[in-house]
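See below for the structure under consideration.
Please treat every number below as a calculation from the coordinates, not as lab data. This one's a predicted model, so the numbers in the text were calculated from it and none came from an experiment. In this analysis, Cβ positions are derived from the backbone assuming ideal geometry, glycine residues included, and neighbour counts consider all displayed protein chains.
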Amino acid sequence: MSVTLGGSCTTFFTVLMLRSKVIELFLMTLGLAWSHVYCRAAEVEVASVRFAPARPSINTSAIWLESTVVLHVVPPPDAPGRMLSRVRVQLWVGVESPPLNGVPARTEYYRTEVECLALPSGRSEVRFYFPPEWVKRDQLQGAPRNWAVELAVAGRAVPPTRAASASTLAEPASRRAFLTAALAAAPANDGCLLPQYFTPFAQEYPRNTVTFVRRESSFAPTARASP
């Protein structure tokens, strides 16, 4: 009886150890998978966004509104040349205008995008501009109330960081509502918010201007990473 019991115990512990190994292997695989997803999501992120008046050197009397999207880039180890290729940056802006001369208050939505050819590791800056006529008409000298940035790498949407939205859109539901409204209304204002290379600022920042894939944007629907 004792021998049989001992054999049963040995079999029981052997099975238990095998199950433990299987569970351990499963958890390791799951951990690697999540690590891979995290690394992919961390390839590029918005570090900050700044809005400020700007004057081009060729016409200092014209005041534009410059938006600088600062990106933090960490290319994957196997990236060609250790650079991150085909990074798309979309900027969405909502401008609230107060009532004036009997005209009720309104919100205008704008959008623009660029595709960066390849970004090195570290910091990169992407700039967009509202022209002086728009600045004068809407009397906006600083950051608009609502704005959001969306990123994609080779067509794959990148989850947004907190820095990718105005403070008014800190809640995921607020960001979603803003983007939904902007997607519906912004096409009416296409061409008002310009990439750097379509403005007099094209040569203003020779040391920290990235190379863009130069083409007119179609604004085709993209996969949304926004929560």
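Distance between the pseudo-spin-label points of Gln139 and Arg214 (7 Å out from Cα toward the beta carbon): 3.9 nm.
Put in line by how crowded their Cβ is, counting other Cβ atoms within 10 Å and starting with the fewest, Ser48, Ser167 read Ser167, Ser48. Here is the result for region 99-174: no chymotrypsin sites (Phe, Trp or Tyr not before Pro) lie in DSSP coil with at most 13 other C-beta atoms within 10 angstrom of their C-beta. Residue exposure proxy: Thr112, Thr161, Thr211, ordered by other Cβ atoms within 10 angstrom of their Cβ from fewest to most, comes out as Thr211, Thr161, Thr112. Taking 7 Å steps out from each Cα toward its Cβ at Val74 and Leu183 produces label points 2.9 nm apart.
Label-to-label distance for Glu204 and Leu117 is 2.2 nm, based on points extended 7 Å past Cα in the beta-carbon direction.
With R₀ fixed at 41 Å, the C-beta to C-beta distance from Ala154 to Ser61 puts the FRET efficiency at about 0.45.
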